[in-house]
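Colleague: Mind looking over this structure? Questions follow.
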Amino acid sequence: MIIPTEPIGSIPRPGSLQTAVAEHAAGRLGDAELSELQEQATADTIAKLSALGCPVVVDGEQAKPSFATYPLTGLDLAPDGAVIPFADGHTRQLPHLTAGPFRYGTRAETYLRAARRHTDLPVKQAVIAPSALSLLYPAEPLDGYSREDFISDLADEAEADIRGCLEAGAHRVQLDFTEGRLSLKLDPSGGLLRDFVALNNEVLGRFSADERARLGVHTCPGGDLDSTHSLDVDYAELLPELFRLQVGNFYVQLANEQDPERVLGTIARHLPEDSRVFVGVTDPIDPVVESPEQVRDRVLDAARHLPADRLGTCDDCGFSPFGDDTSTSRDIAFAKIEARVAGTALAAEALGG
């Protein structure tokens, strides 16, 4: 038996790249020099993942400013948009749009094509869900650019972002949907979550059944600077709506849940019959590296609730979704990934036997 295992996305950037990004922002390093260092970091990330035996690799988002903001270059933006509060008191703030039309300045296929130059292994590409980018539109309507026009443009741009990755040869295209769980904190009635799901399905419904089999959605309570924004939100409120999304794969944070058995029961009740769920078996926030045996046992626990042929494993979240997050070291991230790969293989052997 083979149990598929995949990374989620981001890997901590090397210190030299972190320094280069700061120098570039200060105007002391040129675009070409920064691009060369990002390319080197991408090649090194893929080489390390390959050496660990990862069957599917990612570029580690070495060239992305963050998992959410990569499309925003060249747009008319103001910095004081939606604020995301984290449990430890720190915040992240999105920009807001000041004029239309909305267009992606950078598409994710750019990162995918760069990654594929460095490997023959299957490459997964993460993209930001359109529901997250819908938060860019301000509360007050923009003159000459209605919210309806914005949403229409956003759906078209998100479709093109996903389709470009499929056409560029992505093994899987994963929509990052961390705002799903957060939405229930902002609106406990679930109305905002339902709006998010409807918008994402407006885009996903444009793809064929075969294409949707290569698409996935990742959910987690946010991970930044060793804190989360919505771990206190009950998964039971999110998962039934999450599984309405029209994709073939779901990536569900689970390793740092207080009651994973309860979550697994909810997944088993609501997972669509034609979908696979990848359960999180390593916690990027916890500095303690899991053992392969601990990962194995988490997989076997999941297999008691879910059919093994519809089960996969992943990390709970990206290790550094925002480019300036250095709370987790690069070495720890790779050690956790190594444990995930080895522990998943141990579980597959146990289940196969």
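The values are calculated or read from the model by the stated rules, or taken from the named source; none is laboratory data. This structure is a prediction, so every number in the text was calculated from the model and none was measured. Cβ sites come from the backbone with ideal geometry, for glycine too, and all protein chains shown count toward neighbours.
Colleague: Inspect segment 37-50 for any residue being assigned to a loop (DSSP other than H, G, I, E, B), closer than 24 Å to Val173 by Cβ and not small (Gly, Ala, Ser) and give the result as yes or no.
Modeller: At the first step, the residues of segment 37-50 found to be assigned to a loop (DSSP other than H, G, I, E, B) are none.
Checked against the condition, which is being assigned to a loop (DSSP other than H, G, I, E, B), closer than 24 Å to Val173 by Cβ and not small (Gly, Ala, Ser), segment 37-50 yields no hits at all.
Colleague: On the given criteria, is Val295 under 25 Å from Pro321 (Cα atoms), surrounded by 23 or more Cβ atoms within 10 Å (Cβ to Cβ) and more than 18 Å from the chain's Cα centre (by Cα)? I'd like the intermediate steps shown before the answer.
Modeller: Values: under 25 Å from Pro321 (Cα atoms): yes; surrounded by 23 or more Cβ atoms within 10 Å (Cβ to Cβ): yes; more than 18 Å from the chain's Cα centre (by Cα): yes.
So Val295 fits the description; yes.
Colleague: Next question, about the same structure. If we keep just the residues of segment 2-32 that are out of contact with any strand residue (DSSP E or B) (no Cβ under 6 Å at 6 or more places or on another chain) and of a type in the set (S, T, N, Q), which is surrounded by the most Cβ atoms within 10 Å (Cβ to Cβ)?
Modeller: Selected residue: Ser10.
Colleague: Follow-up question, since we're still on this one. In this structure, is Glu109 at pLDDT 95 or above, of a type in the set (D, E, K, R), under 18 Å from Phe319 (Cα atoms) and within 18 Å of the chain's Cα centre (by Cα)?
Modeller: no
Colleague: Could I ask something else about it? Within segment 74-96, can you find the residues that are outside any loop (DSSP other than H, G, I, E, B), of a type outside the set (A, V, I, L, M) and free of Cβ contacts under 8 Å to residues at least 40 places away in the same chain?
Modeller: Answer for segment 74-96, where residues must be outside any loop (DSSP other than H, G, I, E, B), of a type outside the set (A, V, I, L, M) and free of Cβ contacts under 8 Å to residues at least 40 places away in the same chain: Thr91, Gln93.
Colleague: Yes or no: Leu300 touching a helix residue (DSSP H, G or I) at 6+ places or on another chain (Cβ under 7 Å) and crowded, with 19+ Cβ neighbours inside 10 Å?
Modeller: So Leu300 does not fit the description; no.
Colleague: Select from segment 285-306 the residues that are in a loop (DSSP other than H, G, I, E, B) and either touching a Lys or Arg at 6+ places or on another chain (Cβ under 7 Å) or of a type in the set (A, V, I, L, M, F, W, C) (or both) and write down the one among them that is farthest from Gly223 (Cα to Cα).
Modeller: Leu306
Colleague: Taking helices (runs of 4 or more DSSP H) that fall entirely within segment 191-277, which contain at least 1 residues that are farther than 26 Å from Ser10 by Cβ and polar (S, T, N, Q)?
Modeller: Qualifying helices (runs of 4 or more DSSP H): 260-270.
Colleague: Pull out all pairs, ordered by first then second residue, where Cβ-Cβ is under 7 Å, the residues are six or more apart or on different chains, the first lies in segment 319-347 and is in contact (Cβ under 8 Å) with a residue 24 or more places away in the chain, and the second is among the aromatic types (Phe, Trp, Tyr).
Modeller: Between residues of segment 319-347 that are in contact (Cβ under 8 Å) with a residue 24 or more places away in the chain and residues that are among the aromatic types (Phe, Trp, Tyr), the close pairs are Pro321/Phe67; Thr328/Phe319; Ala333/Phe319.
Colleague: So is Ala99 farther than 29 Å from Ser230 by Cα and in contact with a Leu (Cβ under 9 Å, 6 or more places away or on another chain) or not?
Modeller: Spelling it out, Ala99 is indeed farther than 29 Å from Ser230 by Cα and in contact with a Leu (Cβ under 9 Å, 6 or more places away or on another chain).
Colleague: Shifting gears a bit: Taking segment 200-217 only, how many residues are within 23 Å of Glu179 (Cβ to Cβ) and within 19 Å of the chain's Cα centre (by Cα)?
Modeller: 9
Colleague: Step by step: first the residues of segment 51-62, then only those that are over 17 Å from the mean Cα position of the chain (by Cα) and not in a helix (DSSP H, G or I), then the one that is surrounded by the most Cβ atoms within 10 Å (Cβ to Cβ). Which residue is that?
Modeller: Cys54
Colleague: Okay, moving on. Tell me, yes or no, whether segment 133-152 has at least one residue that is buried (at least 23 other Cβ atoms within 10 Å of the Cβ), out of contact with any Pro (no Cβ under 8 Å at 6 or more places or on another chain), touching a residue at least 24 places away in the same chain (Cβ under 8 Å) and of a type in the set (A, V, I, L, M, F, W, C).
Modeller: No, every residue in segment 133-152 fails to be buried (at least 23 other Cβ atoms within 10 Å of the Cβ), out of contact with any Pro (no Cβ under 8 Å at 6 or more places or on another chain), touching a residue at least 24 places away in the same chain (Cβ under 8 Å) and of a type in the set (A, V, I, L, M, F, W, C).
Colleague: Pull out all pairs, ordered by first then second residue, where Cβ-Cβ is under 8 Å, the residues are six or more apart or on different chains, the first lies in segment 267-288 and is in contact (Cβ under 8 Å) with a residue 12 or more places away in the chain and more than 30 Å from Asp325 (Cβ to Cβ), and the second is surrounded by 14 or more Cβ atoms within 10 Å (Cβ to Cβ) and among the β-branched types (Val, Ile, Thr).
Modeller: Note: pairs meeting the criteria are Leu271/Val277; Ser275/Val247.
Colleague: So which residues in segment 235-251 are within 21 Å of Pro188 (Cβ to Cβ) and either touching a residue at least 40 places away in the same chain (Cβ under 8 Å) or hydrophobic (A, V, I, L, M, F, W, C) (or both)? Lay out the reasoning, then the answer.
Modeller: Here is the first cut: in segment 235-251, the ones within 21 Å of Pro188 (Cβ to Cβ) are 235-245.
Passing the criteria: Tyr235, Ala236, Glu237, Leu238, Leu239, Glu241, Leu242, Phe243, Arg244, Leu245.
Colleague: Could you figure out which of (1) at pLDDT 95 or above; (2) surrounded by 24 or more Cβ atoms within 10 Å (Cβ to Cβ); (3) within 17 Å of the chain's Cα centre (by Cα) isn't true of Cys220?
Modeller: In the conditions (1) at pLDDT 95 or above; (2) surrounded by 24 or more Cβ atoms within 10 Å (Cβ to Cβ); (3) within 17 Å of the chain's Cα centre (by Cα), Cys220 misses (1) alone.
Colleague: Of Thr228, Thr282, which residue is at pLDDT below 95, β-branched (Val, Ile, Thr) and crowded, with 19+ Cβ neighbours inside 10 Å? Reasoning before the result, please.
Modeller: On the way: Thr282 fails: at pLDDT below 95.
Unique residue meeting the criteria: Thr228.
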